[in-house]
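Have a look at the structure below, then the notes.
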Amino acid sequence: MKIPLNQFELCIDEPILRKGLSYFKNGNVHEPKEITNGVFEAIVKGTDDYTVKMRIKNGIVEEHVCSCPYDMGPVCKHVVAVLFYLQQDELNIKPKSIPLKKQTPKEKKSKKKTVAEEINELLESISLDELQQFIREKTTENPPFRNLFLYSFAHKSSNDSQQKYTKQIKQILRIAAGRDKFIFRNNAGYVGKEVYNLLNIAEKQFNNNHYKSTVYICCAVMEELTKALNFADDSNADISGNIEFACELLFRVAKEKLSEEIRKLLFKYCITAFEKELFSGWDWHLEMLQLATELLKNEAEAAQITNLLDTITLSEYEKGAAQTIKLNIIKKTKGETAANKFIAQNISIPNFRREAIAKFIHLKDFEKAQALAKDGIKQDEKNKPGLALEWQDWLLKIALAQKDKEKIITYARFLFIDNFRNDQDYYQILKNNIASEGWNNFVEEMINDIKKTNRWQNFDLIAKIYIKEKWWDKLLELLKQNPALGTIESYEKHLSNDYPNELVELYATQVLEYMQDNVGRNYYQTACRYLRRMIKLGGRETTEKIISNLRTQYPQRKALMDELNKV
């Protein structure tokens, strides 16, 4: 969530904003330090001392993270407290318990050193003996620092092994599981953070060409975290996300120029992991053989992978992935001619059809490309309509390559009306290929055809046209036909300049209806959020009337009265 620094209050829910302000006013925020240019770090006192880091560029908070366990929204109260600290002069607020130090003119002019600059200055001034003694002391008394030090320089040690990292990950998992032997969602976040730190070390080792340490760390992470998925709530993907990161890092290793020792080490691991079914039931089970294919060097290794693929039972999805692995093996061992023959024999596999169509477009053999796309439509339109639409999209790509305007218009119109979500802007393609004098009539006819399909997504599709054409009056009329609060909010930015009063009236009607149907503080907070939007649009008077109406109509709802007081 990116946050404009000078308007952060508008982006954050009221309860979190209030708590963050309270933390700031009570002096819970230590002065933020600029670690490097634009990167700030601050300690916020709460149940514990939490570390908040944020990166600010051109007045926008582009990244923010807090070490607290809060996961109920994009921003926690500790981050908000730091935002208030950074903006205290602009907001004319001060912490109660921290006296402000008056700056002399000289202090105002001089720029504070960043933490990075202070560290560089110290490193230049202290001796090697002093530094070594400091590290010895800290590695003795501080286990996290000890692990960071050992893993960062593991490539220098003769004891580097996968088992060493496995032991550390198991310890992390034991702490997270506790007496319940189950990792709940909050604790899964702890696992994710700790293992991510370990993978960051693996990535640094990779960047420094220390591939063996990278392999050991990633293999340990994949194995132990895959086991952990059986006794964890990973609904936030804290655990599986790290497995995917580790797997991706191994693929990056495989693409490097490796020594034969490391190549064989990783190849053997991939084969063994697949044979032992260490990752069975997960995508990275087959990915082990994909990784092995990246590493293979001879026919014997190729046969080893192929034999494994031929001895297992696969789902339809896995069959496609397995055939893709075989194709890559053929490309590496037998060349393009054999690969093309294999593709032709297995053209019903979507990836093969895509590759074949793309190749024929590149060769300007449009007739063969069209035949493959049309055959795909025929094959998939009944049971896989989404895939059939993709082949329609390929027909459009072929028409664009041929510069065939008639076909371009036919295919682009069909795909736009169907609302197929692909990487091509069908509307702009149509606009580029239709004469300006006939464009408005074409659009009106297309809108009529969209309305005939009677689908729920038609509203957004027609609204998209009005926005593209900047037909704001028509967009407003469309909005009046479906004036749900969320829908008004979605299109407010397009209409606020020309129709602020109309938007206020739409909000007013819907807020009153909303309050008739909903009871509870969460609903009241939602209603009040829309009341604040009305004020922002210039509808303070209307808003005050609604608040008065609600106070009169629902005097017994104490939570509502409380929320209305905050508007």
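The values are calculated or read from the model by the stated rules, or taken from the named source; none is laboratory data. If you're wondering where the values come from, they're calculated on a predicted model, not measured in any experiment. Every residue, glycine among them, receives a Cβ derived from its backbone with ideal geometry; neighbour counts consider all protein chains shown.
At a glance:
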read-out: Members of the range 380-434 that are more than 20 Å from Ile357 (Cα to Cα), polar (S, T, N, Q) and buried (at least 16 other Cβ atoms within 10 Å of the Cβ); value: Asn419, Asn433
read-out: Any hit, the range 301-323, residues being of a type in the set (Val, Ile, Thr), crowded, with 18+ Cβ neighbours inside 10 Å and more than 17 Å from Glu355 (Cβ to Cβ); value: yes
read-out: For Glu287: the one exception among (1) among the charged types (D, E, K, R); (2) exposed (fewer than 14 other Cβ atoms within 10 Å of the Cβ); (3) under 25 Å from the mean Cα position of the chain (by Cα); value: (2)
read-out: The listed residue being out of contact with any Ser or Thr (no Cβ under 8 Å at 6 or more places or on another chain), among the small types (Gly, Ala, Ser) and more than 24 Å from Gly192 (Cα to Cα), out of Ser240, Ser280, Ser259; value: Ser259
read-out: Residue match in the range 178-189 (condition: surrounded by 14 or more Cβ atoms within 10 Å (Cβ to Cβ) and within 30 Å of Gly38 (Cβ to Cβ)); value: yes
read-out: Sole residue being more than 24 Å from Lys170 (Cα to Cα) and aliphatic (A, V, I, L, M), chosen from Ile239, Ile262; value: Ile262
read-out: Criterion (surrounded by fewer than 16 Cβ atoms within 10 Å (Cβ to Cβ), more than 27 Å from Lys268 (Cβ to Cβ), under 36 Å from the mean Cα position of the chain (by Cα) and modelled with pLDDT of 95 or more) met by exactly one of Lys364, Lys374; value: Lys374
read-out: Close pairs (9 angstrom Cβ cut-off, 6 or more residues apart or separate chains): under 13 Å from Asp238 (Cα atoms) in the range 171-188, in a helix (DSSP H, G or I) and among the acidic types (Asp, Glu) anywhere; value: Leu173/Glu224; Ala176/Glu194; Arg185/Asp238; Ala188/Asp238
read-out: Arg146 surrounded by 14 or more Cβ atoms within 10 Å (Cβ to Cβ) and either of a type in the set (Asp, Glu) or more than 22 Å from Pro69 (Cβ to Cβ) (or both); value: yes
read-out: Hits in the range 57-88 - residues which are under 19 Å from the mean Cα position of the chain (by Cα) and either aliphatic (A, V, I, L, M) or surrounded by 19 or more Cβ atoms within 10 Å (Cβ to Cβ) (or both); value: Ile60, Val61, His64, Val65, Cys66, Met72, Val75, Cys76
read-out: Answer from Leu225, Leu229, Leu250 - the residue that is hydrophobic (A, V, I, L, M, F, W, C) and within 20 Å of Ile305 (Cα to Cα); value: Leu250
read-out: Test: Glu9 is under 27 Å from the mean Cα position of the chain (by Cα) and assigned to a strand (DSSP E or B); value: no
read-out: Odd one out for Gln171, checked against (1) under 21 Å from Leu249 (Cα atoms); (2) surrounded by 12 or more Cβ atoms within 10 Å (Cβ to Cβ); value: (1)
read-out: Some residue of the range 245-252 being at pLDDT 95 or above and among the basic types (Lys, Arg); value: yes
read-out: Only one of Lys53, Lys25, Lys45, Lys57 that is of a type in the set (Lys, Arg) and in contact (Cβ under 8 Å) with a residue 60 or more places away in the chain; value: Lys25
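Listed here are the residues, each with its yes/no results for (1) aromatic (Phe, Trp, Tyr); (2) under 26 Å from Leu512 (Cα atoms); (3) crowded, with 16+ Cβ neighbours inside 10 Å.
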position	(1), (2), (3)
Glu437	no, no, no
Lys451	no, no, no
Asn454	no, no, no
Gln457	no, no, no
Leu461	no, no, yes
Leu475	no, yes, yes
Leu478	no, yes, yes
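Let's see how each residue does on (1) in a loop (DSSP other than H, G, I, E, B); (2) of a type in the set (Asp, Glu):
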site: Tyr50; (1), (2): no, no
site: Arg55; (1), (2): no, no
site: Glu63; (1), (2): no, yes
site: Pro69; (1), (2): yes, no
site: Val80; (1), (2): no, no
site: Leu83; (1), (2): no, no
site: Glu90; (1), (2): no, yes
